[in-house]
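First up is the structure itself, then whatever we jot down about it.
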Amino acid sequence: NPNILDDIIDTNCVFFINGELKDKIGPGFMKWTIEQNVKNFPGYTLTIKDIIAKANKVVLLYKFEGVFKQLKKTVTADTVMIFHFNKGKIVKSWAYTNQLGYFTQLGFKLVPPPGVRTAPEDKPAKK
């Protein structure tokens, strides 16, 4: 139930995704994220793999798994989330996901820029 997010996320909560500060704040951003996942990955699952709580911080490791509706390809990705609480509400959140692995599973290719070598040109040394 996404409405519970209003009770646990501060209206001024800031979100960092893979180290980048998002301009979205508050529970609305998390609700939007859930809506996008439901829309693009109907029936997706989140499986908690580990959770650590100490003082005012919680670290969560979970596995996302779902079929991307548009391509009909399954995506599995682990995410680490760190929550900082103040007065019982999340005031900062960090999420780290292997986005390269995520997009590779969907069929995207990583292409180096022109002029960048991807493998050494030297021949291997003879024994």
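Just so it is clear, none of the values below were taken in a lab; they were calculated from the coordinates. Note that the coordinates shown come from a computational prediction; the quantities given were computed from them, not determined experimentally. Reconstructed Cβ throughout: ideal geometry from the backbone, glycine too, with neighbour counts over all protein chains shown.
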What share of all Cα pairs of the range 1-53, in percent, falls into each consecutive 5 Å distance bin? 4, 17, 20, 23, 28, 8, 0
Scan the range 13-94 for chymotrypsin sites (Phe, Trp or Tyr not before Pro) in coil per DSSP, keeping those whose Cβ has at most 12 other Cβ atoms within 10 Å, and list them by number. none
Along the dipole axis of the chain (charges at Cβ: +1 for Lys and Arg, -1 for Asp and Glu; origin at the Cα centre), the most positive-end residue among ALA119, PHE83, PHE15 is ALA119
Cα extents of the chain per principal axis, largest first, Å, are 65, 35, 29
Would you look at the GNM of the chain, springs on alpha carbons closer than 10 Å, and say which of ALA95, ALA53, ALA77 moves the most? ALA53
Exactly which trypsin sites (Lys or Arg not before Pro) in the range 67-105 are in a DSSP loop and have at most 15 other Cβ atoms within 10 Å? LYS69, LYS72, LYS87
Could you work out how far the C-alpha centroid of the range 6-26 sits from that of the range 74-90, in angstrom? 11
